[in-house]
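S.K.: Starting off with a structure, shown below.
The values are calculated or read from the model by the stated rules, or taken from the named source; none is laboratory data. Please read these numbers as outputs of a predicted model, since none were measured by experiment. No Cβ is skipped: glycine too gets one built from the backbone with ideal geometry, and neighbour counts run over all protein chains shown. Just the protein is used for accessible areas: all its heavy atoms, side chains included, with ligands, DNA and RNA removed. Shrake-Rupley method; radii C 1.70, N 1.55, O 1.52, S 1.80 Å.
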Amino acid sequence: MFKTNNAKIKKIFLTFSIITNVGILFLFKYFLFFTSSLDALIGFFGAEMSLEETANSYNFNNILLPIGISFYTFQTMSYSIEVYRGSIKPEKHLGKFALYIAFFPQLVAGPIERASRLIPQLKQKVQINIPNIKKGLILMAWGFFLKVIVADRLGIYVDQAFNNPESPHNISLILGGFFFSFQIYYDFSAYTSIAIGAAKTMGYDLIQNFNKPIFSTSFSQFWKRWHISFMQWLRDFLYRPLVRDQKTNRLTAVIIVFFINGLWHGANWTFIVWSLLNALILIIEIATIPIRKRIFKMMRIPKRTIRILGWFTVINYLTFTLIFFRSPSLSQAFLYIKNMFSFGSLHIDILGNYFELFLCIILILIVQIIHYYKGNNKVYEIVTQRPNHIRYSMYLAYILIIVLFAINRQNTFIYFQF
């Protein structure tokens, strides 16, 4: 691609590269999903594919999904596309290219790095930098705190709620839904903090993957702040080419992007429905901007009130859609939603441990206050800007908190499955 000036040959090479990458991802992650969905569709019309015998003979059900395959597949595709566009030169050193693809801090769950950003760093001679090592270690410690203290604690309640979607206690189901929206955020941002911190201790800067998404006051703002590396990938390599090169309608392009977003998260219709529901509300938000502006101006609603209402709408709608994300099937999701709005019992019946419930709420408030003032990327300032005696007291307090409050059960990061 780099050597030739023939546009057609360049496109052939790019197409081959993308088909190879997507083909490997499809085989491992989506083959059974598509064949079973096709089987169900054909069966709806009275025909039969007889996939069971084929699946058993080739043991497709026993194929293990490589950890992080979605992340490094998109990373390799971005490399090919950037070379195709002339944004970067192809890397001739196999070792440096392999390190870019398999850089261990962010290999299994991101952030998804661009070759133009990471490969130049890998070529530089790294000097020992004590301030960076301190910042990196603090970011890693913060990530461990988010994971084993907060996310895993919330996960106990979430698992209990989603394992009992037929529960008559609708308040418990509502609480389980809200707790999951915070669990997935803390779980994923925990891994990102650990990855960024680990890389920083070695002298490398990874892209920031979150920017206070829970404080978003609009859906478009949320998707600019959530999983930034992936959403930027979709914007630069899918949305813009669709709109600019293929002349696709903007709203249609949004639907395509969010369909891919859902499919990328997992081979299940629950992820696709979750993502398309977010596409729907985003389209409505974009389409109604002029109308809403006129209404707010006519009613003289203060901007602060508009922001608060926007935040309230975003957090509640996202929590609602994440029920599909968390549920194992669409039928389970609909059952959960049905009982959540049944208004049967006001009793909170999750494990019966109200101290832990209270602790979860307190931890959410603490984390959100820290994120509000320091964001997701400057948490280390809480420690580094303190005198020595306070700093070491904070280190000891951290160790004590981990020992006393860590959830002692094996919980992988949620995004390891993607």
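S.K.: Summing -39500 (n - 2.57) over the DSSP H runs of n ≥ 4 in the chain and dividing by its residue number, what mean residue ellipticity at 222 nm do you reach, to the nearest 500 deg cm²/dmol? Please report the intermediate quantities before stating the final value.
M.R.: Working: 19 runs with 271 residues, N = 418.
The helix contribution divided over the chain gives -21000 deg cm²/dmol.
S.K.: Give me a comma-separated list of calculated 3J(HN,Hα) values for the range 100-115, in order, Karplus coefficients 6.51, -1.76, 1.60 applied at θ = phi - 60°, integers in Hz, x for any Gly or Pro.
M.R.: 4, 6, 10, 5, 4, x, 10, 5, 8, 8, x, x, 6, 9, 8, 4
S.K.: For a paramagnetic label modelled at 7 Å from the Cα of Leu309 toward its Cβ, which residues of the range 270-294 fall within the zone defined by backbone nitrogen distances under 11 Å?
M.R.: Those under the cut-off are 292-294.
S.K.: With just the Cα atoms defining each centre, how far is the range 143-178 from the range 98-117? Give it in Å.
M.R.: 31 Å
S.K.: What FRET efficiency would be calculated for the residue pair Glu166, Ser37, taking the C-beta separation as r and a Förster radius of 30 Å, to the nearest 0.05? Could you put the intermediate results ahead of the total?
M.R.: Details: r = 26 Å, r/R0 = 0.88.
According to the calculation, E is roughly 0.70.
S.K.: Work out how far the C-alpha atoms of the range 130-209 reach from end to end along every principal axis, then list the three figures in whole Å, largest first.
M.R.: Each principal axis gives a Cα extent; for the range 130-209 these are 55, 20, 15 Å.
S.K.: If you build the Cα gyration tensor of the range 251-338 and take the root of 5 times each eigenvalue, what three semi-axes come out, in whole angstrom, biggest first? Working shown, then result.
M.R.: Details: eigenvalues 175, 52, 16 Å².
Largest first, the range 251-338 gives 30, 16, 9 Å.
S.K.: Now for a separate question. Using only C-alpha atoms and all pairs of different ones, pull out the Kirkwood radius for the range 239-284 in Å with one decimal.
M.R.: On the way: mean 1/r = 0.0939 Å⁻¹.
Evaluated over the range 239-284, this radius sits at 10.6 Å.
S.K.: Just the accessible area for His169, please: 1.4 Å probe, Å², rounded to the nearest 10?
M.R.: We get 40 Å² for His169.
S.K.: Let me ask something else. Could you give me the radius of gyration and the Dmax of the range 265-405, taking only the C-alpha atoms into account and expressing both in angstrom?
M.R.: That works out to 21.1, 56 Å for Rg and Dmax.
S.K.: Separate question: Check which residues have an amide H placed less than 5 Å from Asn376's amide H, if you skip close sequence neighbours.
M.R.: Residues meeting the amide H criterion: Lys212.
S.K.: R0 = 41 Å: FRET efficiency of Ile9 with Thr412, Cβ-based, nearest 0.05?
M.R.: Working: r = 44 Å, r/R0 = 1.06.
Step by step, r from the Cβ atoms, then E = 0.40.
S.K.: Calculate, for the chain, the solvent-accessible area per residue in square angstrom, rolling a 1.4 angstrom probe over the heavy atoms of the protein chains.
M.R.: On the way: 22520 Å² over 418 residues.
Accessible surface, normalised per residue, equals 54 Å².
S.K.: Show me 244-254, 79-89 ranked by packing, highest mean number of other Cβ atoms within 10 Å first. Don't skip to the end; give the middle numbers.
M.R.: Working: 244-254: 12.4, 79-89: 17.5.
Packing proxy ranking, top to bottom: 79-89, 244-254.
S.K.: Between Val403 and Tyr354, how high is the FRET efficiency from 1/(1 + (r/R0)^6) when r is the Cβ-Cβ distance and R₀ = 22 Å? Nearest 0.05.
M.R.: Details: r = 23 Å, r/R0 = 1.05.
Efficiency computed from Cβ-Cβ geometry: 0.40.
S.K.: Find the all-direction average of the projected area of the Cα convex hull for the chain, expressing the result in square nanometres with one decimal place.
M.R.: On the way: hull surface 105.4 nm².
Convex hull of Cα atoms, orientation-averaged projection: 26.3 nm².
S.K.: Quick one: order Ile323, Ile284 from most to least accessible surface, probe 1.4 Å. Kindly include the intermediate steps, with their values, before the conclusion.
M.R.: Details: Ile323 0, Ile284 80 Å².
Most to least solvent-accessible, the answer reads Ile284, Ile323.
S.K.: Could you estimate the translational diffusion coefficient of the range 170-329 from the Stokes-Einstein equation, with Rh from the Kirkwood formula over C-alpha pairs, at 37 °C and 0.692 mPa s, in whole µm²/s?
M.R.: Values: Rh = 17.4 Å.
Translational D for this selection: 189 µm²/s.
S.K.: I want to check the label-to-label distance for Lys96 and Val126. Put each point 7 Å from Cα in the C-beta direction and report it in nm to one decimal.
M.R.: 1.5 nm
S.K.: Now for a separate question. Could you give the radius of gyration (one decimal) and Dmax (whole number) of the Cα atoms in the range 85-165, in Å?
M.R.: In order Rg, Dmax, the Cα atoms of the range 85-165 give 18.7, 55 Å.
S.K.: I would also like to ask the following. Sorted from largest down, give the three principal axis spans of the alpha carbons of the range 74-126, whole angstrom values.
M.R.: Principal axes ranked by extent give 28, 26, 16 Å for the Cα atoms.
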